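Have a look at the structure below before the remarks.
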Amino acid sequence: MPASKLPARADVVIVGGGIVGSSIAYHLTKFGIRNVVLLERKQLTSGTTWHAAGLVGQLRATRNLTELAKYTTSLFEGLEKETGQATGFKQNGSISLALSDGRYEELLRGASMAKNFGLEVNVIPLSEIRERIPHYNLDGVKGGVFLPKDGQVNPIDVTQALAAGARSGGAKVFENTKVTRIIVENGKAKGVETTAGTIKADKIVVAGGMWSRELGRSAGVSIPLHACEHFYIVSEPIEKLPRNMPVVRVPDECTYYKEDAGKLMVGAFEPKAKPWGGGGIDDEHAFVTLPEDMDHFEPILANAINRVPLLETAGIQLFFNGPESFTPDVRYFLGEAPEVQDLFVASGFNSIGIQSSGGAGLVLSQWIKNGHPPMDVSGIDIRRIHPFQSNRKYLHDRVSESLGLLYAMHWPYRQAETARGVRRSPIHQYTDKLGAVYGEVNGWERPNWYARDGVARAYDYSYGRQNWFPCAQYEADRLKNDVVFFDQASFAKYKVAGKDALKVLNQVSANDVDVPAGKVVYTQWLNDRGGIEADLTVTRLGEQEFLVVTGAAPQVRDMAWLKRHSGDKNVVAVDVTSGLPMIALMGPKSRALLQKISPNDFSNEAFPFGTSQEIEVGYAKLRATRLTYVGELGWELYIPAEFAAHVMETILAAGPEFNLAPAGLHGMNNARMEKGYRHWGHDIADEDTPLEAGLGFGVAWDKKGGFIGKKALAKQREKKLLPKRMVTIALEASGEDAPMMYHEEPVYRDGVIVGSTTSGAWGHRVGKSLALAYVKNDGGVNADWLASGNWEVEIAWKKYRAKMQFAAFYDPKGERIKA
């Protein structure tokens, strides 16, 4: 449509005419929002979509992402018939091959996980692999999996079909119309300025691919992505190449293969990628190819010729190199930006934009229409990102690793290797000297475990017991019998103050925070559906002052939630994370150690559980809070940053008398699993209610003024038995015979899948493989139903007998906590 006919106003303006932007426009019209304008600076697909490989896979890392990928496939199945526009959709399936035992276990675990989602997947032996792809050299292949519903499309054709469907629904599509500025007024997106004029709008969507970072930056929004060069070749027609073959992935060789019209495409996600465009991308960039780099691609090509010998005599019709955008954690960005209301983002698709496009359009359209996503998408929600991650050098260095992670081993506990050391605790120098092996969350260097007894200070990854398990066992023994300290500086902290601070916090909190000063309240923040948006503590510091403490990962998300629900109230929320590190002292000797270094009284009478006081340690004043996330007696010490080193030195000096040991966050996770403590983002999220999660004890039903989500939660409470409940799991096998559970393992009752795990770990104090899981039963889930069933958990295509219960497997009455 000519830019001269640009309307003055729209309900939604979408910036970017790739497959994702077109999908959003298409889906908005399906949900009744027809005054939609899609703006493309050049031509549709001209950025990245046009050169995508067009693979349509379905199995993703989580249930909801898999459901969205399945939806994309179903959309493509009928899109051509609906719009009359060809899509090139073919459903030949896909085969993934394993060349190592670790990779084969990864494939088997994924195949088991797929059963949770009703996704058809077959573990196939070498004989069947040879039948399906007879032209492949199977030397070194351990086995494979076949997904018959996977497919492929022509990306340009599919985008044109989605755009045609959007136009049929009332949307307007303008090409050669560049957006020069997003209009923001009073913290809300109000429209866009373009080369053809200004459009006012209720909602703006940034779906600009590689250009999204700079466009977001101009509006004060962090969209941390960076382009990398992506290589593939297309052979000349090969007469002996079988037609309509499945897509083949050989991740151990970083390659994928797609047959199309008698030609073979070979693409790669190599371990060390080439970042591109960090200094900015030319406005005239359209349908651009980058220079060939045969030296970079040659190792991939050599493996490909060995794997598919037909390539040895085939000519190369096309050597392609084109840019695609990648993100720091290899997950795309979706949702409303935390910095600007009514500004939505759908960018950074990490080479899976085609297979994600339908689901992304579906979710974001419903999010725009209803004010919330239709399912838990916290793993791709842009609110997970910290602003520093838009730093150009950080992005350049990190995405050189991100691209390769698509086909790298997805080991449990795997840590990023690039762009490290960004955010460090004030006591980092001490944990480093003690042998800490660090993990990274949102840039924070966090001690995950401490090397000892000759164990190397590096991960040796596997799906079983990794090299740090003996170290974690030592830490667990000290936690149970003596005292340990955890560096929890990364936990997010907000000071909330003002005349309306209590009113705002009590409205967003399910529990009652109108408590005496010095009292700590564990609570969830709920949405209108009763789902859990945050899981945290609120400490009352004074009449109009509170301290909110949450995890490191939801730092931006939780603050955004609080501010969006503060409105025009007289309240100020300030993130004080950087200035208030926290050291936790946990274990039965924690009281004695604190009594040694502080004149304050730490007895049960003077310092009961769930309270907080200002104390003295050495020469410093700080805040001590008696809580635990590990199921032992302990205190969290909140220390002004300039005193942290002194306090740490004071603790370490007194420590030997009490057999003090450092402990890492892997040990903390193992311990919380033994106690059945929930973790937001894994065990609980915005689809789960406190009643389903077993957290109803933290709901203040009768508090004055109620709370967000009370109506939905009260309706659920009326049911005598809930059809969905969280349970704790312990495998009956012990020692080396007990495999590890991590997430999404199918849970069976009497041979029927009734749920899946949400998180898992080894319980070092109980010597068991443990997990948390949701199980479902239409007739209700209660203790009798749990006790009357024969329970199993499927792990890597094998079933293991298990015990299910509601209570924790370690100290279920909590006696050690309040000793």
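The values are calculated or read from the model by the stated rules, or taken from the named source; none is laboratory data. Quick caveat, the model's predicted, so the values are computed rather than measured. Note: ideal-geometry Cβ built from the backbone for every residue, glycine included; neighbour counts use all protein chains shown. Quick note on the areas: whole protein, heavy atoms, side chains included, nothing else; ligands and nucleic acids left out. Shrake-Rupley method; radii C 1.70, N 1.55, O 1.52, S 1.80 Å.
Quick look at the values:
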{"read-out": "The stretch 413-456, residues that are among the basic types (Lys, Arg), under 15 Å from residue 475 (Cβ atoms) and either assigned to a loop (DSSP other than H, G, I, E, B) or out of contact with any Ser or Thr (no Cβ under 6 Å at 6 or more places or on another chain) (or both)", "value": "452"}
{"read-out": "Any hit, the stretch 651-663, residues being touching a Phe, Trp or Tyr at 6+ places or on another chain (Cβ under 6 Å), buried (at least 22 other Cβ atoms within 10 Å of the Cβ), modelled with pLDDT of 95 or more and closer than 20 Å to residue 625 by Cα", "value": "yes"}
{"read-out": "Tally, over the stretch 664-688, of residues that are farther than 23 Å from residue 766 by Cα, part of a loop (DSSP other than H, G, I, E, B) and open to solvent by 10 Å² or more (accessible area, probe 1.4 Å)", "value": "4"}
{"read-out": "Some residue of the stretch 137-149 being open to solvent by 40 Å² or more (accessible area, probe 1.4 Å), within 30 Å of residue 167 (Cα to Cα), touching a residue at least 40 places away in the same chain (Cβ under 8 Å) and out of contact with any strand residue (DSSP E or B) (no Cβ under 6 Å at 6 or more places or on another chain)", "value": "yes"}
{"read-out": "Answer from 495, 499 - the residue that is at pLDDT 95 or above, open to solvent by 40 Å² or more (accessible area, probe 1.4 Å), part of a strand (DSSP E or B) and closer than 30 Å to residue 623 by Cα", "value": "495"}
{"read-out": "Which numbered condition residue 262 fails, given (1) of a type outside the set (A, V, I, L, M, F, W, C); (2) over 23 Å from residue 25 (Cβ atoms); (3) in contact (Cβ under 8 Å) with a residue 40 or more places away in the chain; (4) in contact with a Pro (Cβ under 8 Å, 6 or more places away or on another chain)", "value": "(3)"}
{"read-out": "Only listed residue being closer than 30 Å to residue 415 by Cα and modelled with pLDDT of 95 or more, chosen from 308, 247, 234", "value": "247"}
{"read-out": "In the stretch 44-93, the residues that are free of Cβ contacts under 8 Å to residues at least 60 places away in the same chain and open to solvent by less than 40 Å² (accessible area, probe 1.4 Å)", "value": "66, 78"}
{"read-out": "Residues within the stretch 317-339 that are out of contact with any Asp or Glu (no Cβ under 7 Å at 6 or more places or on another chain) and more than 25 Å from residue 393 (Cβ to Cβ), tallied", "value": "3"}
{"read-out": "Strands (runs of 3 or more DSSP E) (entirely within the stretch 511-570) containing at least 2 residues that are open to solvent by 20 Å² or more (accessible area, probe 1.4 Å), farther than 26 Å from residue 223 by Cα and touching a residue at least 24 places away in the same chain (Cβ under 8 Å)", "value": "532-542"}
{"read-out": "Test: residue 684 is in contact (Cβ under 8 Å) with a residue 12 or more places away in the chain and closer than 17 Å to residue 433 by Cα", "value": "no"}
{"read-out": "Residue in the stretch 716-735 that is least open to solvent (accessible area, probe 1.4 Å), counting only those that are on the phi < 0 side of the Ramachandran plot and free of Cβ contacts under 8 Å to residues at least 40 places away in the same chain", "value": "734"}
{"read-out": "Residue 9 surrounded by fewer than 18 Cβ atoms within 10 Å (Cβ to Cβ), of a type in the set (D, E, K, R) and under 30 Å from residue 283 (Cβ atoms)", "value": "yes"}
{"read-out": "Filtered residues of the stretch 231-258 (kept if part of a strand (DSSP E or B) and either free of Cβ contacts under 8 Å to residues at least 24 places away in the same chain or open to solvent by 10 Å² or more (accessible area, probe 1.4 Å) (or both))", "value": "232, 234, 249, 258"}
{"read-out": "Residue within the stretch 800-817 that is part of a loop (DSSP other than H, G, I, E, B), touching a helix residue (DSSP H, G or I) at 6+ places or on another chain (Cβ under 9 Å) and among the charged types (D, E, K, R) present", "value": "yes"}
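Yes or no, residue by residue, for (1) open to solvent by less than 20 Å² (accessible area, probe 1.4 Å); (2) in contact (Cβ under 8 Å) with a residue 40 or more places away in the chain; (3) assigned to a helix (DSSP H, G or I); (4) of a type in the set (A, V, I, L, M):
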residue: 322; (1), (2), (3), (4): yes, yes, no, no
residue: 329; (1), (2), (3), (4): no, yes, no, no
residue: 369; (1), (2), (3), (4): no, yes, yes, no
residue: 376; (1), (2), (3), (4): no, yes, no, no
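Yes/no per residue for (1) closer than 29 Å to residue 527 by Cα; (2) of a type in the set (Val, Ile, Thr):
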{"residue": "599", "(1), (2)": "no, no"}
{"residue": "607", "(1), (2)": "no, no"}
{"residue": "612", "(1), (2)": "yes, no"}
{"residue": "622", "(1), (2)": "no, no"}
{"residue": "628", "(1), (2)": "yes, yes"}
{"residue": "632", "(1), (2)": "no, no"}
{"residue": "662", "(1), (2)": "no, no"}
{"residue": "675", "(1), (2)": "yes, no"}
{"residue": "678", "(1), (2)": "yes, no"}
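Conditions tested, residue by residue: (1) farther than 30 Å from residue 478 by Cα; (2) open to solvent by 20 Å² or more (accessible area, probe 1.4 Å); (3) in contact with a Gly (Cβ under 7 Å, 6 or more places away or on another chain).
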| site | (1), (2), (3) |
| --- | --- |
| 751 | yes, yes, no |
| 757 | no, no, no |
| 761 | no, no, no |
| 765 | no, yes, no |
| 772 | no, no, yes |
| 778 | yes, yes, no |
| 783 | yes, yes, no |
